[in-house]
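Visitor: Quick one: the structure is below, questions incoming.
The values are calculated or read from the model by the stated rules, or taken from the named source; none is laboratory data. A quick note: this is a predicted structure, and the numbers were derived from the prediction, not measured. Positions of Cβ are generated from backbone atoms using ideal geometry, with glycine treated the same way; all protein chains shown enter the neighbour counts. Ligands, DNA and RNA are excluded from the accessible area calculation, which covers all protein heavy atoms including side chains. Shrake-Rupley method; radii C 1.70, N 1.55, O 1.52, S 1.80 Å.
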Amino acid sequence: MRPHDNRAWLLLLPALLLLGVVGAVPLLAVFNYGFHDIFTLTDVHWVGVEWFADILASDRFLASLGRSLLFSAMVLAIQVPLGVGVALMFVGLGTRAVWGLMLVAMPLVVPWNMIPMLWMGLVQPQNGLMGPGLLALGFDWKSTAWHAWALLLVMDTWHWLGLVVVLAYAGLSAIPPAYRQAARIDGATRWAIFRYIELPKIAGALAIIFLLRFVDSFMIYTEAFTLTAGGPGDSTRFLSIELGEEIRGFSYGQAAARASLYFLIVLAVVWAFVLATRGQQGARSA
Amino acid sequence: MIRALALLALACFILLPLVQAVILSFTATLPRPNVAEGAIGLMNYRAVLAAPELRAAMVNSAVYVLLNVALCIAVALPAAYALARFRFTGDRHFLLAILVFRVTPPVVLSLPIFILFARIGLVNSPVGIALVHCLFNLPVAIWILESFIRAVPPEFDETAFLDGHSAPGFFLRHLIPQIAPGIGVAAFFCFIFSWVEVVFARILTVTGGKPITMAIQAMFGFQTDIGMVMAMTCLSLLPGMAMIWFVRHHLARGFSLRA
């Protein structure tokens, strides 16, 4: 058991200071801006909750929120099972798994703004490697909404699958092989081994995967903006694209109010998630 | 058999966009003196290395990433040690707070960060980017280092202190060598979240100090030399690939939710 010692806070001081400067202070500032109309930095007027009320009452906001939630849900539904599946496959590779991990980690080091470029080059009808084939299938992400969504999902999966695989593999490879052997001798099915031996071991890794993939996909900007800038129509107008429009339009007060709202939504999801995982941990240890 | 096919499909999926980029990077996509369009060769790489702003961008990126990794490790190490070795009032709140900072979308903070950093003169400087990337890298570094320190038995610390080591001496000469792989993994994850980030990198480099991501962005224009863009992209992948290679045996430690 670790000793109780409040002097440990001294060791946290540098971290708190740093996060205070780059995290807490800007966060307070953004909430403060959200209650003001900002023309220039010296011409600022108090408007109260006007921006918040405007945004919450607008149909566009609700539509974008719906799209962003749907996109996150689809990202999680695709990437988590796929990533865990690939990780399970890698565990079966033994020591050669390291090559697989290196393979799936590669997209993680590609500059984010180049990822849409790479994929747009790949599906370009004239000279992309996949372009002619996709053209023959009638694939057109510039004018068909669900094609744009499909391309975004494939792109995002390409980008982030590696993170899911690496983190899930980390949990899986910590399980002693004897556990699986014993379960198999007892006649456990593959599903039972996964459900009762492997899944509990990767619960912590899955939790962080869920949260990281949720926030990043919920706030997807670069990929969606580069691809179609929210189109075709409004079909890929996600929350972050609306925020980007306001910032570029210099309506800083409204942008700050919107940013505060987004932060509160993310915070609510994280909070619910942490409470749920703590509840489970409590149930398991009880 | 099925597994071999699945692995092959996965390899194709991951490599296809990269293969296309590598092919383009060796192809002349715009006509140039003495080089026909469509010719194969190193002309794009030569052009990239001959452009002073692109060379400067590589230096800027390297500087801010190295600063960020060094800062994150230096600050995360004592915090991780405190969390791994002691219980204290509010330790779970601290873990929750760093989780919240890790998941705060950068776009939410971009505006006040810009105003704040403009006031203290950190705009257009790699130092500013290095500082602000700690927002999402410091929590990850703390989680990773904490799990590695926890794996070291507490008797290890006690022996070192009994031998008369001071706290800094213990950290530098005993703990750091002991958890070196953990530092490598933390550095890797800090690197992958920082090297490729674009939101803060864009907002904090208005006129100068542009990192690789923004330098590539600036290469798009009326007549984009896509071969040169891809050559720059391929070059920007090299440090990341090297990082993956160095930590390949420790990658599998990963990190998980601590809250």
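Visitor: Select from A:169, A:33, A:179 the residue whose mean-square fluctuation is largest in a Gaussian network model of chain A (Cα-Cα springs shorter than 10 Å).
Guide: Among A:169, A:33, A:179, the largest GNM mean-square fluctuation belongs to A:179.
Visitor: Is the shape of the protein assembly as shown rounded, prolate or oblate, going by the alpha carbon gyration tensor and its root eigenvalues a ≥ b ≥ c, with a/c under 1.5 for rounded and a/b larger than b/c for prolate?
Guide: Cα axes put the protein assembly as shown in the rounded bin.
Visitor: Sticking with this structure for a sec: Where does each of A:142, B:210, A:201 land when they are ordered by accessible area, with a 1.4 Å probe and the largest first?
Guide: A:142, A:201, B:210
Visitor: Label chain A by shape, choosing from rounded, prolate and oblate, from the square roots a ≥ b ≥ c of the eigenvalues of the Cα gyration tensor; if a/c is under 1.5 it is rounded, and otherwise prolate applies when a/b is larger than b/c, oblate when it is not.
Guide: Oblate, because a/c is 1.5 or more while a/b does not exceed b/c.
Visitor: Picking from A:154, A:229, A:175, whose Cα lies most toward the positive end of the charge dipole for the protein assembly as shown (charges on Cβ: Lys, Arg +1; Asp, Glu -1)?
Guide: A:175
Visitor: What are the ³J(HN,Hα) values, in whole Hz, obtained from phi via the Karplus relation 6.51 cos²θ - 1.76 cosθ + 1.60 with θ = phi - 60°, for each residue of region B:89-99 in sequence order, with x given for Gly and Pro?
Guide: 4, x, 5, 6, 5, 4, 4, 5, 4, 5, 4
Visitor: Relative to the Cα centre, what is the charge dipole magnitude of the protein assembly as shown, using +1 at the beta carbon of each Lys and Arg, -1 at the beta carbon of each Asp and Glu, and rounding to the nearest 20 debye?
Guide: 1300 debye
Visitor: Could I ask something else about it? According to the square roots a ≥ b ≥ c of the eigenvalues of the Cα gyration tensor, what is the shape class of region A:161-286, taking rounded for a/c under 1.5, prolate for a/b larger than b/c otherwise, and oblate for the remainder?
Guide: Prolate.
Visitor: May I pose another question? Please check: in the Gaussian network model of chain B (C-alpha springs, under 10 Å), which one of B:233, B:89, B:224 has the largest mean-square fluctuation.
Guide: Of B:233, B:89, B:224, the most mobile in the Gaussian network model is B:89.
Visitor: Given a 1.4 angstrom probe, what's the average accessible area per residue across region B:128-188, in square angstrom?
Guide: 37 Å²
Visitor: For residue A:36, enumerate residues with amide H under 5 Å from its amide H, sequence gap 5+ or separate chain, H modeled in the peptide plane.
Guide: When sequence neighbours closer than 5 places are left aside, the close amide H contacts are A:47.
Visitor: Right, next: From the protein chains alone at 1.4 Å, what is the descending order of accessible area for A:236, A:189, A:42, largest first?
Guide: Ranked list, largest accessible area first: A:42, A:189, A:236.
Visitor: Students sometimes get this wrong: rank B:120, B:2 by accessible area, probe 1.4 Å, all chains present, largest first.
Guide: B:2, B:120
Visitor: Need the full-extension length gain, residue A:32 to residue A:2, defined as separation in residues times 0.36 nm minus the C-alpha distance. One decimal, nm.
Guide: Stretched out fully, the residue A:32 to residue A:2 stretch lengthens by 6.7 nm.
Visitor: Here's another thing I want to ask about it. I need the phi-derived Karplus couplings for region A:213-224: 6.51 cos²θ - 1.76 cosθ + 1.60, θ = phi - 60°, integer Hz, Gly and Pro marked x.
Guide: Result, ordered by residue: 5, 4, 5, 5, 6, 5, 10, 4, 10, 3, 5, 5 Hz.
Visitor: Taking only the alpha carbons of region B:52-253, what extent do you get along each of the three principal axes, in Å, biggest first?
Guide: The Cα atoms of region B:52-253 stretch 67, 36, 27 Å along the principal axes, largest first.
Visitor: What quantity of accessible surface, computed with a 1.4 Å probe and excluding non-protein components, is buried in total between chains B and A, in Å² to the nearest 100?
Guide: The contact between A and B buries close to 8000 Å².
Visitor: GNM, chain B, Cα, under 10 Å: largest mean-square fluctuation among B:166, B:110, B:147?
Guide: So, out of B:166, B:110, B:147, the one fluctuating most is B:166.
Visitor: Could you give the distance between the Cα centres of region A:206-251 and region B:199-259, to the whole Å?
Guide: What the calculation gives is 20 Å, centre to centre.
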